[in-house]
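Reviewing the structure listed below.
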Amino acid sequence: MGSDHTPADDIVYDLVSVQYHALKSGYTYGKYLEDAEGHEDVQQFIRQCQQEDAQRAIRCHELLAQLTKDGIG
């Protein structure tokens, strides 16, 4: 007996997955910054990536909240 599966399930799963990976990468950027010590251009790039992932996680959170509010997922 299978379970019902809806497109909304996929949307929620996809957003949670994107959010998870964006947040998880935030922990690794500290190591990347240490590795790039003395290379300000590389550190600047890593900080930019870190900021973009943080913004991505926030946007996923907003979209998930909206989907939940609308009763999807």
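Condition check ((1) in contact with a Leu (Cβ under 6 Å, 6 or more places away or on another chain); (2) open to solvent by less than 100 Å² (accessible area, probe 1.4 Å); (3) in contact (Cβ under 8 Å) with a residue 24 or more places away in the chain; (4) within 29 Å of residue 10 (Cβ to Cβ)) across all residues:
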site	(1), (2), (3), (4)
41	no, no, no, no
54	no, yes, yes, yes
59	no, no, no, yes
66	no, yes, no, yes
Hits in the stretch 5-53 - residues which are modelled with pLDDT of 95 or more, in a helix (DSSP H, G or I) and among the small types (Gly, Ala, Ser): 17
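The values are calculated or read from the model by the stated rules, or taken from the named source; none is laboratory data. Predicted model only: the values in this text are computed from it and were never measured. Every residue, glycine among them, receives a Cβ derived from its backbone with ideal geometry; neighbour counts consider all protein chains shown. Heads up: the accessible areas ignore ligands, DNA and RNA and are worked out on the full protein's heavy atoms, side chains in. Shrake-Rupley method; radii C 1.70, N 1.55, O 1.52, S 1.80 Å.
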